[in-house]
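The values are calculated or read from the model by the stated rules, or taken from the named source; none is laboratory data. Values in this document were obtained by computation on a predicted structure and should not be read as measured data. Cβ: placed from backbone, ideal geometry, glycine included. Neighbour counts: every protein chain shown.
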Ligand SMILES: [Zn+2]
């Protein structure tokens, strides 16, 4: 949800035109985070009426603005990491296609289209499966069950690693 310019209006606590006020009220009805700022503004106004404490309210406002700014930059960094990870993952997926394209440029389009279809269907299938699992599993599996599953999976992984090592070592010994 886009909180701008409503968030800025609330943080700056500036006088609004009737039209802006109407837009703001409309946004506050649908938003989950802005009403908190509006409420703190309201609390500060009533506090000012009861007992002027400008130093405190100013500090409070500054802290609120800093918190929002920090949240925004955290969101930005998080998004950046997500994009970079996504690009790395795509590169990893597309690696074979690039190698194939280098080897035989004539097959490039066929391979690319085939790979794209494969990629999209796997992603779709994967998300579908994980969605179903996420919905169903927590109802059936207790925390202890999760721990057992974790042990089984890590145990299988260790076994697989051992068998791969034995398998690769054999030809060297023989
Ligand atoms: Zn909002």
Would you point out the residue of the stretch 87-108, among those that are closer than 20 Å to residue 120 by Cβ and surrounded by fewer than 11 Cβ atoms within 10 Å (Cβ to Cβ), that is modelled with the lowest pLDDT? 95
Filtered residues of the stretch 26-44 (kept if surrounded by 12 or more Cβ atoms within 10 Å (Cβ to Cβ) and assigned to a helix (DSSP H, G or I)): 27, 28, 34, 35, 36, 37, 38, 39, 40, 41, 43, 44
Residue 50 being on the phi < 0 side of the Ramachandran plot, exposed (fewer than 12 other Cβ atoms within 10 Å of the Cβ), at pLDDT 80 or above and away from the ligand (no atom under 16 Å from the Cβ): no
Mind checking which residues of the stretch 10-26 are near the ligand (Cβ under 10 Å from one of its atoms) and either more than 19 Å from residue 72 (Cα to Cα) or touching a strand residue (DSSP E or B) at 6+ places or on another chain (Cβ under 6 Å) (or both)? 24
So is residue 7 more than 30 Å from residue 119 (Cβ to Cβ), surrounded by 11 or more Cβ atoms within 10 Å (Cβ to Cβ), touching a residue at least 40 places away in the same chain (Cβ under 8 Å) and within 16 Å of the ligand (Cβ to nearest atom) or not? yes
